[in-house]
Amino acid sequence: MTIFAANFYGMRLFNQNYNINMEEYVLDELDYKILNLISNDARISFLEVSRICNVSGAAVHQRVQKMMSNGIITGSEFWMDLKKIGYQTCAFLSLHFSETENLDEVVERLKDIHEIVECHSITGAYDIFVKIYALNNSHLYELIQTRIKPLGVVRTEMLMSFKESFHRQMAFEN
C-alpha cells in the first residue's frame with residue numbers, strides 16, 4: 001500500500017509498501033481537502049466546504065460521517081488562550097513510575113487532574129509525558145506534590161514553556 005508520511009511542510013507521497021491497518025476507509029484527495037478545511041476552522045459550515053471543494057453539501061456530510069465512524073475525525077474543539085484566563089505556567093513533565101504494570105490505571109487517574117491537557121506513553125528513561133497548565137509556579141508545585149507524585153512517581157523531569165510559538169492541527173498537501 002502506498003502511504004503518506006508527514007513532515008513539517010505537510011504530506012509527501014512515498015512509493016513504499018508498509019503494512020498499515022487503516023480499517024476499511026481509505027482517504028482520497030477530497031477527504032484530505034475536507035480535513036484541511038474543517039481542522040483550520042471547526043465552525044466552517046458543510047455548505048462552505050462544499051463550495052470550496054466543488055461538491056454537494058450531502059457529499060461533504062457523507063464524507064465527514066464516514067471519517068467520524070471510522071475514528072479519523074474524533075471531534076471538534078475551540079482552543080483557549082489559557083494565559084488570558086489566569087493559567088500563567090505551562091510545563092511538560094516526564095514521569096517515571098515505580099510500578100509500570102498499572103500505567104493504564106495511572107493514566108485514568110491523570111485524567112482527573114484537569115490541568116493536565118495532554119498525556120503520552122513514551123519510550124526511554126520515563127514512562128509518561130504530560131503537558132500541564134497551572135496558575136503559577138506555586139500551583140504547579142502543589143499539583144506535582146499532592147496529585148501527581150502520590151500516583152507512584154519515583155522520578156520526574158520538567159521542562160517549562162516560556163511561550164507557545166504555535167499550536168495547530170496537522171495540514172495535508174493536496
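The values are calculated or read from the model by the stated rules, or taken from the named source; none is laboratory data. What you see is a predicted model, and the numbers here were worked out from it, not measured in a lab. For neighbour counting, all protein chains shown are included, and Cβ atoms are generated from backbone atoms with ideal geometry for every residue, glycine included.
Within the bounds of the stretch 131-154, is there any residue that is within 30 Å of residue 31 (Cβ to Cβ) and not assigned by TED's automatic domain parsing to the domain that holds residue 34? The answer is yes, given that some residue of the stretch 131-154 is within 30 Å of residue 31 (Cβ to Cβ) and not assigned by TED's automatic domain parsing to the domain that holds residue 34. Counting the residues of the stretch 56-97 that are touching a residue at least 12 places away in the same chain (Cβ under 8 Å), within 26 Å of residue 133 (Cβ to Cβ) and small (Gly, Ala, Ser) gives 4.
The sole residue among 73, 44 that is within 15 Å of the chain's Cα centre (by Cα) and closer than 24 Å to residue 25 by Cα is 73.
Filter the stretch 105-127 down to the residues that are crowded, with 17+ Cβ neighbours inside 10 Å and in a strand (DSSP E or B) and list them by number. Of everything in the stretch 105-127, those that are crowded, with 17+ Cβ neighbours inside 10 Å and in a strand (DSSP E or B) turn out to be 116, 119. Here residue 91 does not fit the description of being among the aliphatic types (A, V, I, L, M) and farther than 20 Å from residue 161 by Cβ.
Say whether the condition of being modelled with pLDDT of 95 or more, exposed (fewer than 14 other Cβ atoms within 10 Å of the Cβ), out of contact with any Leu (no Cβ under 9 Å at 6 or more places or on another chain) and of a type in the set (D, E, K, R) is met by at least one residue in the stretch 38-54. Yes, there is a match, as at least one residue in the stretch 38-54 is modelled with pLDDT of 95 or more, exposed (fewer than 14 other Cβ atoms within 10 Å of the Cβ), out of contact with any Leu (no Cβ under 9 Å at 6 or more places or on another chain) and of a type in the set (D, E, K, R).
For first residues located in the stretch 135-162 and closer than 16 Å to residue 103 by Cβ, partners that are of a type in the set (Asp, Glu) and lie 6+ apart or on another chain with Cβ distances below 8 Å form the pairs 152/99. Applying the condition of being assigned to a strand (DSSP E or B) and of a type in the set (Val, Ile, Thr) to the stretch 128-164 and asking which residue is surrounded by the most Cβ atoms within 10 Å (Cβ to Cβ) yields 132.
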